[in-house]
Structure formats: C-alpha cells, structure tokens
Amino acid sequence: MFLDNFKQQPLIIAEAGVNHNGDIELAHKLIEAAAQAGAGAVKFQTFKAEECAGRFADTAAYQKGCAAEDQFKLLQELELPFAAFAELKSHAEQLGLAFLSTPDGTASLDLLCRLNLPAIKTASGEVTNLPFLREIAARRKPVILSTGMSSLGEVQKAFNTLLNGGASEIILLHCTSEYPAPPADCNLRCIPLLKQTFSVAVGFSDHSEGHEAAVAATALGAQIIEKHLTLDRGMTGPDHAASLDPRQFSEMVTALHKTSLMLGNGNKSAAASEQANLVLVRRSLVATADLKAGDVLTPEKISIKRPAGGIQPELFDQAVNRRITKNLCADEPITWSHLGEVVPL
C-alpha cells in the first residue's frame, strides 16, 4: 500500500505546485526547502496550458493579482518543460522525499507514468472528469484523489470510476478549493465521513491559512496532509499568499508529528508516565488507628486514604471482619498479609 512506504504519519506533502513561477531553479529550491522543513513528499503540477484550459477560461478571484488576463495565459507562464521533471524527481529522491505531481491531461499523465511515480495525484477539478479518471485508473497505480468542490455523490462516482477502471489503490483527500479557504468552510468532519463511507485512507489538502486545520485534521484521522509551500508568501503568483513559507511549514511539521504522537493507540490504560503517580494518588484501605494482632478489622477501623499500596477500596467488603495477624499503625496501608480468617459476627 502507498502509505506503507512512509514511517511517519500523517504523510506530509509539501505542495510546491506552481510556486516556482515557471523557474526550474526556483523549483529545485522548493524541493530543498521541503526536505529541510521535514516533509515526506514534495508535489508539483505537470501540465501544458493547451491540455487543461481553453481560451475562454477566466482567472479565479485568487488569481486576479497575476498579470495574465485569463487562465490560459496564466498557465502558460507557470509551465515547466516536461524535461525538467526527471531532474526534479531525482533531486527530491536524493533528499529522501517522495516525488509526486498532478497531471492535467494525457501527455502529462504519460510523462509521470514513464517516471514511475509512486502514485498519481489528481486535482479536485477532475472529480467530474470521469473520462480522464478512467484513463488514470487504467495505469493501475495508486491514485490520490482530491475532492474539493464535490458532493458525496460526485465523490462516489469518481471513486467507482477509479475502482472499476483498475486503480491499484485509492486515497481520498478532503479539500476546500478556495485560496485561502475560510475556516468556516473547511468542514473537517468530512474526513471521518469519507473514511467511513469508502473504507480507504483519507487525508486533507489544506488551503486554509496557518496550520490549525492541518492539526485538527490529523486528530480526526487524516493520514495525509498536503499543504502549499512557498519560499516567499509575497511573491507574485496565484498560490503564494495561501502557502506557508519554510519556517511556517517546519512549524506545521513539528505540530503534526506531535499531534500524531499524542493520538496514541486508542487503548484505554494507564500510561507509562502515570505509573508512579498511580500509587501516590489512588487510595487503599488503611488503619484508622493503631491496631494489634488479634483484633477484628471492623468497618469503623478502616479508612480509605492515599497511597494505593494496600487493599483496593473496591474490596472493602471482603476485607472487613477479618482477624488482624500483624500490628498496624494508624494510616498504615492494610494488605492481605495483615489479615487472617473471617470472624463470624
């Protein structure tokens, strides 16, 4: 399984996306920043503008700050040459990162499959593009499907298309496709809903500001966290403002690892760190006053106090009315070694 390749979960994917602004050297620097920040994978977007945008596609509101007047021209400015992806993959793997990229059409999908990526990551915009999902599924690789802008029914159709088309594994990412995503629209409770509905690993593609949503998603069971990374949030480009810079990304990685550690194994038992306190804080049966061997331990001669070194309070009824076999001091914990036979009243 795809996630079995990673020791630490959640798998943290640094979404370099198009934050390279079409500059290969900047793309390499993003890979280095992802590794230094502690990500487990770095992801780009592989496309030709002609594959994914027509000449009538307007820019989204979050893209309006860019100089390009429509999506087609914007994407042209953000393209990396296909030949660059082999060297980017090699660089990432040299730094211990898994390399992922999102294809936007047949040509980019062919390229990524030739590069033998460990999984195909699909964008939220493809949820209803069932013909392309069938094409992806036919490659029989693990597929990570982002589900922004989707209803549960649309996700079901996409999931069935991938499953029936031959995808070797399907992982779903909950997502809100706005940049940045408003906190009230994050709807993180969809993470356990998707997991319960589809019985597959579920993650979170986080477009919100900060890393609080990523921490909360991890607590809700997200096994992948994808977050945009930029070298400078003030750079011109569609995604920089909704990204984390390297310092912020590193802080998120630390917070997610700490959160994952805090989740534990889900078995309710005393933790190792609690053991010493358990004896000191819990109570046991103790003598209310000095008692002599031969006395009968009647209820009024018993108090329930700290520490927990004596007979447990729940066994009070079994301890009363027994012959004391050893002298006891006031407040001394009573153990079974202090007691003999029951004395009939």
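No lab work stands behind these numbers, since they all come straight from the coordinates. On a predicted model such as this, the values are computed, not experimentally measured, just so you know. Cβ coordinates were reconstructed from backbone atoms using ideal geometry, including for glycine residues, and neighbour counts include every protein chain displayed.
Report the antiparallel proportion of the DSSP beta bridges in the chain as a percent, rounded to a multiple of 5.
Of all bridge pairs located within the chain, approximately 25 percent are antiparallel.
Which lysines, if any, have their Cα less than 30 Å from the Cα of residue 227, not counting same-chain residues under 8 positions apart?
7, 29, 43, 48, 64, 73, 89, 121, 141, 157, 195, 258
What residues from the range 83-115 fall in the zone where the backbone N is under 17 Å from a label point 7 Å along the Cα-to-C-beta line of residue 138?
Zone members listed by number: 103-114.
Distances longer than 16 Å among the Cα atoms of the range 223-329: what percent of all pairs is that?
73
So, in nm, how far is label residue 25 from label residue 280 when the simple model puts each one 7 Å beyond its Cα toward the Cβ?
6.0
Compute the orientation-averaged projected area for the range 277-342 from the convex hull of its Cα atoms and round it to one decimal in nm².
Averaging across all directions leaves 3.6 nm² for the Cα convex hull.
Exposure proxy check: 286, 200 ranked by fewest other beta carbons within 10 Å?
200, 286
Would you mind computing, in nm to one decimal, how far apart the modelled labels at residue 304 and residue 154 are, each placed 7 Å from Cα along Cα→Cβ?
Simple spin-label model gives 5.8 nm for this pair.
Around residue 327, what is the net charge, scoring Lys/Arg as +1 and Asp/Glu as -1 over all other residues with Cβ under 12 Å from its Cβ?
-1
Peptides 191-197, 16-22: what's the order by average Cβ count within 10 Å, highest mean first?
16-22, 191-197
Sort 178-185, 268-275, 26-33 by packing, meaning the average of other beta carbons within 10 Å per residue, with the highest value first.
Packing order, densest peptide first, comes out as 26-33, 178-185, 268-275.
Distance in nm between label sites at residue 95 and residue 316, each 7 Å beyond Cα in the beta-carbon direction?
Computed distance between label sites residue 95 and residue 316 equals 6.4 nm.
So what is the 222 nm mean residue ellipticity for the chain from helices alone, if each DSSP H run of at least 4 adds -39500 (n - 2.57) and you divide by all residues, rounding to the nearest 500 deg cm²/dmol?
Taken over the chain, the calculation gives -9500 deg cm²/dmol.
Would you order 149, 1 from fewest to most other beta-carbon atoms within 10 Å of each residue's own beta-carbon?
1, 149
Treating the beta-carbon of each Lys and Arg as +1 and of each Asp and Glu as -1, no other charges, what is the dipole magnitude of the chain about its Cα centre, to the nearest 20 debye?
Roughly 1380 debye for the chain.
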